[in-house]
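Shown next, in structure tokens, is the structure this report addresses.
No value in this document is a laboratory result; all are computed from the given coordinates. Everything numeric in this text was worked out from a predicted model, so none of it was measured. Cβ placement follows ideal geometry from the backbone for every residue including glycine, while neighbour counts extend to all protein chains displayed.
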Amino acid sequence: MKKFTTFLIPLLVTSFLVTAEASAFFPFPGRKSPESAQASGKVTNIDLRKSLVSVTLSDGTSSTFIVEDKTSFSKKGKKISIADLKKGDLVRIEYFVKKGQNRAQAVNVSELATSKPKSVTPKKKK
């Protein structure tokens with residue numbers, strides 16, 4: 001009986017740990033998925049090697065977002081890639097926090113950031 005108990009306890013602990021880790025990837029009934037948030041700001045750095053995008057947010061703080069294979073990018077309604085981002089682009093990022101890290105779900109480049117400013121000349125009054 002003692003041998004069975006010394007085998008059973010580590011087995012139960014291991015199966016609990018594996019289940020807890022797997023639940024982070026598979027939604028189980030009653031388990032909430034990570035909540036999404038949004039942030040807007042200006043791209044300050046793009047690290048293609050580490051798949052990171054740093055943004056100065058509209059409130060003046062900086063945040064870095066991890067870009068994953070499933071992260072979508074768009075500009076003017078068209079699909080783009082991370083390589084199409086440029087420093088200075090205004091972006092809106094939909095993300096979630098997992099293990100203390102911001103993980104980008106969608107990065108949308110603002111049309112305002114890509115349009116050229118129009119020169120405005122005042123009309124003369126007649």
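Observations on the structure shown:
- Classification of region 37-113 by its C-alpha gyration tensor yields a rounded form. The axis ratio a/c (a ≥ b ≥ c) stays under 1.5.
- Dipole of region 37-113, positive direction: furthest Cα of SER40, ILE66, SER54, with charges on the beta-carbon: ILE66
- Spin-label proximity, GLN38 to region 67-82 - amide N less than 17 Å from point 7 Å beyond Cα toward beta carbon: 72-78
- Those trypsin sites (Lys or Arg not before Pro) in region 51-91 that DSSP places in a loop and that have at most 11 other beta carbons within 10 Å: LYS76, LYS86, LYS87
- Unit charges on C-beta of K, R, D, E only; dipole of region 37-113, Debye: 160 debye
- For ILE80, the residues whose modelled amide H falls within less than 5 Å of its own, excluding neighbours fewer than 5 places apart on the same chain, are PHE73, SER74, LYS75.
- Other-chain or far-sequence residues with amide H under 5 Å of SER110's (modelled H): LEU90, VAL91, ARG92
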